[in-house]
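Written below as structure tokens is the structure these notes are about.
The values are calculated or read from the model by the stated rules, or taken from the named source; none is laboratory data. Just so you know, these numbers come straight off a predicted model, no measurement behind them. Here Cβ is always computed from backbone atoms with ideal geometry, including for glycine, and neighbour counts include all displayed protein chains. For the accessible areas, the whole protein counts, side chains as well, though only heavy atoms, and no ligand, DNA or RNA atoms are used. Shrake-Rupley method; radii C 1.70, N 1.55, O 1.52, S 1.80 Å.
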Amino acid sequence: MSDQPKHEAVKSRNEPFAEKASTSIWYETPAEDNPYIAQAAYCHGYNIVELMAKRSYIDVIFLLFRGELPSPDQAELLQQLMIALINPGPRHPATRAAMNTGIGKTDPLHILPISTAIYAGEYTGAREVENAMHFFADSCGKNSGDLFSLASEGHVPAGFGIRHGGIEIMAIQLAAHLKQLPGAGRVLHWGDELAQHLLPTGKSWLLTGVAAAVLTDLGFSPRAGSCFFQLSGAPGLLAHGLEMAGKPILAMPFVSDENYVVESKSVD
């Protein structure tokens, strides 16, 4: 008798595939003599050449993801957040991955794919941003004191807590700075109120939480916001990887023999 699990027979749903791919983000008008060459391009209806002449990079990247141009206050808030997130720093595992990729003589074109994959993680990465954005969507507006009571019992929400046994100082500084901007929204202000409640317990904002609050205020969905966080840190990851690419492998530390532990297993 076979132990293989039984599966239901595959049935056709009779749902037709689309005849061609479509997008509402980008439109290209083809050249008259070659339909595969574009003679004009539009991002959500705006001619890209006109955007180049009249708008900033921050304006256009907001347009690309949100489908509309930002207000001046929104553009300022996003620009300052992206500057804050431009480099995860050499302590971050994703940056270490970029540095190891560079010094390991891997093709530099692979630095970003490898390091941003690490930056997608749940610890200090993009997944933590997504989880925090879901928390804000569910909880913003509730009594922060009640949430503090839950947090004091160990139920600390995503986007808040500690890093390496201590408070993440720069996250608090970043939140305080961004909160003063005209474009700062209710989620960032509410999150800062919760962070103030948590501070006496040795917990507060995490950088991922601040990013999540700002991106939520700017109208990003959790899925888009987490990916945008990943994108924002890419320049720093690439810069660190390229810095190491021309150096000898001895420029990076190597774990000494005494730090290796090999457990012996007895054989019966």
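Just one of (1) surrounded by 17 or more Cβ atoms within 10 Å (Cβ to Cβ); (2) within 23 Å of Pro88 (Cα to Cα); (3) not small (Gly, Ala, Ser) fails for Phe254. It is (1). What is the one condition in (1) of a type in the set (A, V, I, L, M, F, W, C); (2) out of contact with any strand residue (DSSP E or B) (no Cβ under 8 Å at 6 or more places or on another chain); (3) surrounded by 13 or more Cβ atoms within 10 Å (Cβ to Cβ) that Met52 does not satisfy? Here Met52 meets the rest and fails (3). Being open to solvent by less than 80 Å² (accessible area, probe 1.4 Å), within 14 Å of the chain's Cα centre (by Cα) and not aliphatic (A, V, I, L, M) is a property that Gly159 has. Here segment 116-141 is the region considered, the condition is being charged (D, E, K, R) and under 14 Å from the mean Cα position of the chain (by Cα), and the residue that is farthest from Phe228 (Cα to Cα) is Glu122.
Quick grid of which residues meet (1) open to solvent by 20 Å² or more (accessible area, probe 1.4 Å); (2) not polar (S, T, N, Q):
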position	(1), (2)
Pro182	yes, yes
Gly191	no, yes
Ala195	no, yes
Thr201	yes, no
Trp205	no, yes
Leu215	no, yes
Leu218	no, yes
Ala224	yes, yes
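Looking at Glu32, is it farther than 26 Å from Ser226 by Cβ and either surrounded by fewer than 15 Cβ atoms within 10 Å (Cβ to Cβ) or in contact with a Lys or Arg (Cβ under 9 Å, 6 or more places away or on another chain) (or both)? Taking the combined requirement at face value, the residue satisfies it. Filtering Thr95, Thr106 for residues that are touching a helix residue (DSSP H, G or I) at 6+ places or on another chain (Cβ under 9 Å) and open to solvent by less than 30 Å² (accessible area, probe 1.4 Å) leaves a single hit, Thr95.
Look at Leu112 and say whether it is over 30 Å from Leu206 (Cα atoms) and either open to solvent by less than 50 Å² (accessible area, probe 1.4 Å) or modelled with pLDDT of 95 or more (or both). For Leu112, the condition - over 30 Å from Leu206 (Cα atoms) and either open to solvent by less than 50 Å² (accessible area, probe 1.4 Å) or modelled with pLDDT of 95 or more (or both) - is not met.
For segment 226-250, give me each residue that is over 22 Å from the mean Cα position of the chain (by Cα) and open to solvent by 50 Å² or more (accessible area, probe 1.4 Å). Of everything in segment 226-250, those that are over 22 Å from the mean Cα position of the chain (by Cα) and open to solvent by 50 Å² or more (accessible area, probe 1.4 Å) turn out to be Glu243, Gly246, Lys247, Pro248, Ile249, Leu250. When Val60 is tested against (1) over 30 Å from Ala251 (Cβ atoms); (2) in contact with a helix residue (DSSP H, G or I) (Cβ under 6 Å, 6 or more places away or on another chain); (3) modelled with pLDDT under 95, exactly one condition is not met: (3).
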